[in-house]
Amino acid sequence: MLRIPFKKMKAEFERVLKKLGFTPAQVTLCAKVFSENSRDGIYTHGLNRFLPFIKLVVDKKINIHAEPKKISSFGVLEQWDGHYGPGMINASVCMRRAVAIAKQQGVGVVALRNNSHWMRGGTYGLMAVNAGCIGICSTNCIPLIPPWGSGQRKLGNNPIVIAVPHKNGPLLIDTSLAQFSNGKLQFYSRVGKKLPFAGGFDVEGNLTRDPDKIKESKRPLPIGLWKGAGLAFMLDVVLMCLSGGKASVNLEKEKTVDFGVSQVFIALDPSKFWNDNEMDGRLDEIITHYLSAKPLTNSDYVHYPGQGMLKAREENLRLGIPVDEDFWKKIQMF
């Protein structure tokens with residue numbers, strides 16, 4: 001397995017972004033997002049997603065000169081427009097703004113419309129955590145999931161992110177509403193492996209672990225079955241209502257792929273009620289209780305949300321980040 005040091009990967013991303021005309025600030029932020037995603041084991045939204053992002057920039061489908069703008073506000077709630085700029089830049093601006101409001105008011109909510117793909121949603125939850133806040137965010141996307149009881153895609157695979165600061169590292173859940181995201185299906189298909197659990201249906205309507213059969217049927221399995229489908233629907237509704245932007249149905253009609261999406265960024269400042277030691281103490285109690293659960297087998301691993309990310313981060317910083325050699329060579333040739 002080829003492993004690349006974190007700093008080397010980040011430097012290579014910076015080289016390509018500079019070549020494409022990104023400003024120094026944009027280069028730093030974008031390279032940071034892609035390299036940290038790979039560092040944390042989120043390979044589908046790190047190196048593996050960099051080349052498709054670059055193609056969209058080259059094809060001028062992402063406007064690198066666009067800047068997000070506030071269009072309205074009321075109390076702790078603001079609406080922003082991303083003007084189809086780089087998704088991770090727009091999203092970072094909006095989460096920083098949500099944190100700034102929360103530091104003053106206890107809570108800040110920034111809704112964003114007309115953004116492009118934000119890459120890994122957990123990036124913005126961690127951004128809030130690094131500022132001492134609880135972070136919650138979500139985005140909609142083109143329809144990828146059928147409503148429960150149908151085989152037709154009508155629902156976005158709309159992820160939700162919740163991040164909480166803790167002395168030993170953040171608690172973080174970053175989950176799409178299909179059992180496996182589209183990026184994860186592509187990853188397993190590329191490496192020729194079956195999914196660890198059934199992730200959707202084949203064309204005959206049978207549950208399957210084969211990512212290619214799920215892609216053929218276009219029927220990924222929503223988490224929680226009908227509950228996950230219902231949550232995907234309601235998130236889309238809330239995102240549209242807060243941002244004044246597009247819902248999944250509009251994205252489908254316009255035949256866009258993660259362009260013009262609606263997003264929300266929420267920051268809550270727990271320091272208004274707790275000091276750090278008090279909050280960490282209560283969280284320690286919850287974590288200890290959780291980890292006291294005995295694994296079913298010797299090969300099972302009980303871990304709380306975010307713990308696996310911290311383990312992957314430590315290993316990848318120590319040994320280097322595992323990469324797809326074809327992707328890495330193509331980036332070096334750019």
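The values are calculated or read from the model by the stated rules, or taken from the named source; none is laboratory data. In this text the structure is predicted, and so the values were computed from the model without any measurement. Cβ placement follows ideal geometry from the backbone for every residue including glycine, while neighbour counts extend to all protein chains displayed. Note: areas computed on protein heavy atoms with side chains; ligands, DNA, RNA excluded. Shrake-Rupley method; radii C 1.70, N 1.55, O 1.52, S 1.80 Å.
Would the range 114-136 turn up any residue that is over 29 Å from P68 (Cα atoms) and touching a residue at least 12 places away in the same chain (Cβ under 8 Å)? Checked the range 114-136: no residue is over 29 Å from P68 (Cα atoms) and touching a residue at least 12 places away in the same chain (Cβ under 8 Å). Of all residues in the range 118-160, those satisfying the criterion of being open to solvent by less than 10 Å² (accessible area, probe 1.4 Å), more than 28 Å from S217 (Cα to Cα) and not in a loop (DSSP other than H, G, I, E, B) are G122, Y124, G125, A128, G135, C137. Residue count for the range 1-44, restricted to those that are among the acidic types (D, E) and without any contact (Cβ under 8 Å) to a residue 60 or more places away in the chain: 1. Taking the conditions (1) buried (at least 18 other Cβ atoms within 10 Å of the Cβ); (2) touching a strand residue (DSSP E or B) at 6+ places or on another chain (Cβ under 7 Å); (3) closer than 22 Å to R96 by Cβ in turn, D269 satisfies each one other than (2). In the range 182-211, which residue that is charged (D, E, K, R) and assigned to a helix (DSSP H, G or I) is nearest to G224 (Cα to Cα)? Filtering the range 182-211 for residues that are charged (D, E, K, R) and assigned to a helix (DSSP H, G or I), the one nearest to G224 (Cα to Cα) comes out as K184.
Selection within the range 295-334: residues that are over 22 Å from F50 (Cα atoms) and either of a type in the set (G, A, S) or open to solvent by less than 60 Å² (accessible area, probe 1.4 Å) (or both). The member of this set that is modelled with the lowest pLDDT is S299. Tell me the residue from K70, K60 that is in a loop (DSSP other than H, G, I, E, B) and charged (D, E, K, R), please. Result of the check over K70, K60: K60. In the set (1) open to solvent by 30 Å² or more (accessible area, probe 1.4 Å); (2) of a type outside the set (S, T, N, Q); (3) touching a Cys at 6+ places or on another chain (Cβ under 6 Å), L112 fails one condition alone, (1).
Set side by side, the residues G41, G121, G125 differ, and just one is touching a Leu at 6+ places or on another chain (Cβ under 7 Å), at pLDDT 95 or above and small (G, A, S), which is G125. For the range 228-235, state whether one or more residues are more than 19 Å from the chain's Cα centre (by Cα) and at pLDDT 95 or above. Yes, that holds for at least one residue. Residues being at pLDDT 95 or above, over 17 Å from S116 (Cβ atoms), among the polar types (S, T, N, Q) and part of a helix (DSSP H, G or I) are entirely absent from the range 80-90. The condition of being farther than 21 Å from N250 by Cα, of a type in the set (D, E, K, R) and surrounded by 22 or more Cβ atoms within 10 Å (Cβ to Cβ) does not hold for R96.
Any residue at all in the range 4-22 that's small (G, A, S) and either part of a loop (DSSP other than H, G, I, E, B) or exposed (fewer than 14 other Cβ atoms within 10 Å of the Cβ) (or both)? Taking every residue of the range 4-22 in turn, at least one turns out to be small (G, A, S) and either part of a loop (DSSP other than H, G, I, E, B) or exposed (fewer than 14 other Cβ atoms within 10 Å of the Cβ) (or both). Considering only residues in the range 162-217 that are of a type in the set (F, W, Y) and within 20 Å of W148 (Cα to Cα), the one that is surrounded by the fewest Cβ atoms within 10 Å (Cβ to Cβ) turns out to be F197.
Here is the figure for the range 218-229: residues that are open to solvent by less than 30 Å² (accessible area, probe 1.4 Å) and either outside any loop (DSSP other than H, G, I, E, B) or polar (S, T, N, Q) (or both) total 4.
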